1. Could you look through region 130-148, keep only residues that are within 15 Å of the chain's Cα centre (by Cα), outside any loop (DSSP other than H, G, I, E, B) and not aliphatic (A, V, I, L, M), and pick out the one that is surrounded by the fewest Cβ atoms within 10 Å (Cβ to Cβ)?
2. Just give me the residues in region 122-170 being modelled with pLDDT under 90 and among the acidic types (Asp, Glu), in sequence order.
3. Take the residues in region 43-96 that are closer than 28 Å to VAL134 by Cα, in a helix (DSSP H, G or I) and hydrophobic (A, V, I, L, M, F, W, C); name whichever of them is modelled with the highest pLDDT.
Amino acid sequence: MKNIFLTAAVASVALVSCGTVQSLVQNTFPYTANVLISTGVPADKEVSSTATASNIQTWFGGNNDARIKDVRISDAKVSVVSPSGGSLNALKTIKVYISSNGTGERLVASRSNISTDASSITLDLENTGYLDSVVKSTGVTVRTVYELKNQTSSDMNLRVALNFNSVPAN
């Protein structure tokens, strides 16, 4: 009788701890977009660049609609990836939007008054809600809007890297 209670207690603890561990483990999935800033882009004018992302099924494989929830932006960075290097000093502002098939667009990250000679910066997150309906849709679109302080003397390639977090659905 004592062994039955001990076995039941151990099994209960194991089941509870597995559920707790699963709820603590967060899924993180990235998206990267490349943006080309040509020499002909005028200063002090907003310019937009759009890229299509993979949906959540592609990131994790299979149908994950029931496996994750509470998707939020967790990190956003922009960096110069031109072969000759460079800095982000030419940028005045940058905004990153995400949408589902081009509808329901939401601002997820931005930075204004950029004044750095660095080749990479972390953007300020606009984490005002869950993005489940967007990232689980069949067509995720990322739009980058930027404004230059002055016209560049050569083409500049930027990489926008977004990371999203989610928790396992019960």
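1. SER133
2. Within region 122-170, ASP132, ASP155 meet the criteria.
3. Selected residue: ILE56.
Per-residue answers, yes or no, for (1) farther than 18 Å from ARG72 by Cβ; (2) in a loop (DSSP other than H, G, I, E, B):
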{"residue": "ILE98", "(1), (2)": "no, no"}
{"residue": "ILE114", "(1), (2)": "yes, yes"}
{"residue": "THR128", "(1), (2)": "no, yes"}
{"residue": "ASN150", "(1), (2)": "yes, yes"}
{"residue": "ASN157", "(1), (2)": "yes, no"}
{"residue": "PHE164", "(1), (2)": "no, no"}
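The values are calculated or read from the model by the stated rules, or taken from the named source; none is laboratory data. Since we're looking at a predicted model, the values are computed, not measured. Quick reminder, even Gly has a Cβ in these numbers, built from the backbone with ideal geometry, and neighbours come from all protein chains shown.
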